[in-house]
Amino acid sequence: MNKIRPPHDSGLRRLIRQGRELFRIRENTQYYSVEDYREAEKKFIKVCILEGRCGSFSS
């Protein structure tokens, strides 16, 4: 059975992907441990999406 995805799903995934790209800079990858990096990335993406700053990033 196919699940129907809401139309905003692809947009949300795009924002998450763009937030990850914004966070993956040398300063962050070299500073955090693996566990801390994952947690910091999640927090960054959450703030990025809630404040609407991820959408302004151009690929």
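Just so it is clear, none of the values below were taken in a lab; they were calculated from the coordinates. Small disclaimer: the values here were computed from a predicted structure and weren't measured. A quick note on method: Cβ atoms are made from the backbone with ideal geometry, for glycine too, and the neighbour counts reach across all protein chains shown.
Here are some notes:
- Computed FRET value (nearest 0.05) for VAL34 with SER10, which takes r as the C-beta separation and R₀ as 30 Å: 0.55
- Cα coordinate range in segment 10-56, projected on the principal axes (Å, largest first): 29, 18, 16
- Point-to-point label distance, LYS46-GLU21, nm (Cα→Cβ direction, 7 Å offset): 2.4
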